[in-house]
Amino acid sequence: EGEVTSGEVCEDIQAVRDKLEILSRQSLPIWARLSQQLGPEEIRQLRKKFTEDDKEWREKWLDAKPEKVQRLRYEEWLDRAESFYGKASDEQKRFIQQSVSRSSWDARIVWERRQQRQQRIIMTLEKIKHHQLGPKEAEVEFKLIVEHVFNPEDQKQAEMQRKLIDEACSNVAGYHQLTNQHQRLRARQKLTD
């Protein structure tokens with residue numbers, strides 16, 4: 001409705017992150033049970049799926065020219081903004097473009113993190129299968145994966161995650177300040193639907 005500060009957006013983002021973390025932790029028993037049902041073939045299929053998805057991700061984000069990556073990130077942000085607020089003005093589009101060009105997002109760091117997460121998942125599944133871990137032990141293994149997702153151990157991954165959250169806070173607040181009454185009404189309706 002009215003103006004939104006970066007601090008208020010950060011509170012909302014943190015609330016969503018907290019809920020996602022709680023949901024992830026609540027789903028640990030399900031993941032533990034499912035993991036015990038997987039055999040070598042299912043783990044092999046998962047590894048193959050990761051490889052296929054990685055090829056596509058790599059082509060889109062890592063191997064593409066920087067201008068193309070910037071354009072794709074701009075288009076994705078614009079799509080999200082317009083699905084929430086409605087058609088963006090030229091001023092709002094410029095704001096998105098400037099925000100994308102200043103972003104701390106680094107495809108190489110995202111790639112490293114993606115690879116580490118996938119390796120952890122495969123290694124965890126193989127460990128559970130090989131050592132025939134029980135449900136509680138398997139749950140502990142998956143808890144380590146969740147912890148790594150929300151709190152990366154790698155310093156540059158953790159730093160980029162922190163910067164991106166800070167940027168999201170100021171970017172959402174900044175974009176919101178550029179919206180008109182009609183766009184804000186639409187956003188409010190989206191939130192209440």
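The values are calculated or read from the model by the stated rules, or taken from the named source; none is laboratory data. Everything numeric here is computed off the predicted structure, so don't read it as measured data. With ideal geometry, Cβ positions are generated from the backbone for all residues, glycine too; neighbour counts draw on all protein chains shown. For accessibility, only protein heavy atoms count, side chains too; no ligands or nucleic acids. Shrake-Rupley method; radii C 1.70, N 1.55, O 1.52, S 1.80 Å.
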Exercise for review: Give the number of residues within region 123-147 that are farther than 19 Å from Gln14 by Cβ and open to solvent by less than 70 Å² (accessible area, probe 1.4 Å).
Suggested key: 10
Exercise for review: Being surrounded by 14 or more Cβ atoms within 10 Å (Cβ to Cβ) and among the polar types (S, T, N, Q) narrows it down to one of Ser83, Ser6, so name that one.
Suggested key: Ser6
Review point. Of the numbered conditions (1) out of contact with any Cys (no Cβ under 7 Å at 6 or more places or on another chain); (2) within 30 Å of Lys87 (Cβ to Cβ); (3) open to solvent by less than 40 Å² (accessible area, probe 1.4 Å); (4) not small (Gly, Ala, Ser), Lys60 satisfies every one except a single condition; which is it?
Key: (3)
Practice item. Working only within region 177-191, note down all residues that are of a type outside the set (Gly, Ala, Ser) and touching a Phe, Trp or Tyr at 6+ places or on another chain (Cβ under 8 Å). Key: Leu178, Thr179, Gln183, Arg184, Arg186, Lys190
Check your understanding: What are the residues in region 159-193 that are aliphatic (A, V, I, L, M), touching a Ser or Thr at 6+ places or on another chain (Cβ under 7 Å) and over 19 Å from Ser83 (Cβ atoms), if any?
Key -> Met160, Leu164
**Study point:** Pair list, Cβ < 9 Å and 6+ apart or interchain, from region 56-81 residues that are at negative phi to residues that are loosely packed, with under 13 Cβ neighbours inside 10 Å
**Key:** Lys60/Lys68; Leu62/Arg108; Gln70/Ser101; Tyr74/Ser101
Exercise for review: Evaluate the following for Ile13: is it of a type in the set (A, V, I, L, M), under 30 Å from Thr192 (Cβ atoms) and at pLDDT below 95?
Suggested key: yes
